[in-house]
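The values are calculated or read from the model by the stated rules, or taken from the named source; none is laboratory data. A quick note: this is a predicted structure, and the numbers were derived from the prediction, not measured. Cβ coordinates were reconstructed from backbone atoms using ideal geometry, including for glycine residues, and neighbour counts include every protein chain displayed. Side chains included, ligands, DNA and RNA excluded: accessible areas come from the protein's heavy atoms. Shrake-Rupley method; radii C 1.70, N 1.55, O 1.52, S 1.80 Å.
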Protein chains: 2
Amino acid sequence: MKKRIAVDMDEVIADVYTKYLDIYEAKYGRRPAKEEYWGKKMKLLPGAEVLRPNLFEKGFFRDLPIMENSQEVLRELHERFDIYIVTAAMEFRSSFEDKYDWLQEHFPFLHWRNFVFCGDKSIIKTDWLIDDHVHNLETFTGTPIVFTASHNIAEERFDRVDNWLEVREYFKDIKSE
Amino acid sequence: MKKRIAVDMDEVIADVYTKYLDIYEAKYGRRPAKEEYWGKKMKLLPGAEVLRPNLFEKGFFRDLPIMENSQEVLRELHERFDIYIVTAAMEFRSSFEDKYDWLQEHFPFLHWRNFVFCGDKSIIKTDWLIDDHVHNLETFTGTPIVFTASHNIAEERFDRVDNWLEVREYFKDIKSE
């Protein structure tokens with residue numbers, strides 16, 4: 001049986017931060033510099049209370065930018081491993097159709113059988129989980145891989161990748177069965 | 001840690017067959033008797049081609065009847081075990097919001113963290129899975145329990161429950177940790 005990689009969606013293949021910065025700039029007329037939010041949660045940015053309510057709006061997750069190189073690298077990995085997209089969508093009822101359509105548009109080589117919308121990821125059984133949220137990695141029983149995001153840069157317990165080229169490199173010599 | 005029970009939705013807590021029979025009766029003016037479909041797939045019933053397209057319609061999953069005693073028994077089990085509702089919703093894009101609303105209406109004691117919409121259930125890691133579909137039970141790594149439905153009555157490889165009173169009985173003396 002092929003080995004299995006679970007891949008988180010937001011901040012791993014879908015770029016929420018860039019959309020947050022767009023919304024912030026549209027509201028306040030200036031784009032925060034990376035040093036204003038990097039290394040902490042974006043909600044600590046002054047004025048950031050305008051951001052989170054957008055997560056509950058229809059359409060928010062439909063036009064998120066794609067994380068650089070995620071399509072090419074997942075297409076390659078998909079040939080050797082079983083890839084599951086595992087996203088904690090359940091918090092946001094309005095996100096389900098948007099996330100589904102976004103995945104089908106940008107990752108058409110993945111079958112819907114391999115999409116998982118959940119809440120608590122501790123019931124997911126795959127060989128790896130690539131995720132930016134430490135609480136998901138802490139309860140994972142396979143090999144957790146932290147995908148670098150602003151809020152997790154101090155985390156040192158897990159293997160780390162900064163971007164999708166590093167994901168490619170990570171799996172380069174790993175046997176798929 | 002509490003032990004975990006994954007519970008399928010359609011034909012386990014949500015009664016699709018009764019709605020199918022309603023649709024059939026509305027179309028053809030007569031309600032099929034149980035002996036016409038029991039023991040086989042309902043799609044083999046003459047005229048059954050009118051049924052399946054309904055699965056893709058908005059609203060189909062929103063007003064399904066609740067399987068008898070499933071609320072009371074799940075409420076009891078929820079106090080001793082962690083319950084996850086795991087449904088292969090991904091085939092039906094239009095079902096996501098309906099299934100979510102149905103669960104929140106009829107099983108308000110379950111948190112959305114414990115809902116899972118997926119395709120392939122083989123990546124679910126819980127201690128038990130109660131499901132009517134044999135293909136889900138075959139790949140499950142915990143203890144599979146077949147919930148009796150028309151299409152699975154010949155199956156003999158798994159523990160079997162016919163209804164929710166039998167589920168209560170099954171777990172009565174099982175330790176929850």
Problem set entry | Contacts under 8 angstrom Cβ, first residue in the range A:31-55 being more than 13 Å from A:LYS19 (Cβ to Cβ), partner surrounded by fewer than 12 Cβ atoms within 10 Å (Cβ to Cβ) and modelled with pLDDT of 90 or more, 6 or more apart | A:GLY39/A:ALA154; A:LYS43/A:GLU49; A:LYS43/A:ARG52; A:GLY47/A:LYS27
For this session: State which residue is least open to solvent (accessible area, probe 1.4 Å) when the search covers only the range A:166-177 and only residues that are in a loop (DSSP other than H, G, I, E, B) and among the charged types (D, E, K, R).
Result: A:LYS172
For this session: Please name all residue pairs, on different chains or six or more residues apart, with Cβ atoms under 7 Å, provided the first residue is in the range B:72-100 and is on the phi < 0 side of the Ramachandran plot and the second residue is acidic (Asp, Glu).
Result: B:VAL86/B:ASP8; B:THR87/B:ASP8; B:THR87/B:ASP10; B:ARG93/A:GLU97; B:SER94/B:GLU57; B:PHE96/A:GLU97
Exercise. Restricted to the range B:8-52, and to residues that are under 19 Å from the mean Cα position of the chain (by Cα) and of a type in the set (Asp, Glu), which residue is farthest from B:THR87 (Cα to Cα)?
Worked result: B:ASP22
Exercise. Restricting attention to the range A:129-142, which residues are away from every other protein chain (no Cβ under 12 Å) and closer than 18 Å to B:THR126 by Cα?
Worked result: A:LEU137, A:GLU138
For this session: Pairs only if they're at least six apart or on different chains, beta carbon under 6 angstrom, first in the range B:102-125 and more than 10 Å from chain A (Cβ to nearest Cβ) and closer than 28 Å to B:GLU138 by Cα, second open to solvent by 40 Å² or more (accessible area, probe 1.4 Å) and part of a loop (DSSP other than H, G, I, E, B); list them, first residue then second.
Result: B:TRP102/B:ARG62
Exercise. Out of the residues in the range A:71-100 that are among the hydroxyl-bearing types (Ser, Thr, Tyr) and either surrounded by fewer than 16 Cβ atoms within 10 Å (Cβ to Cβ) or in a helix (DSSP H, G or I) (or both), which is farthest from the chain's Cα centre (by Cα)?
Worked result: A:SER94
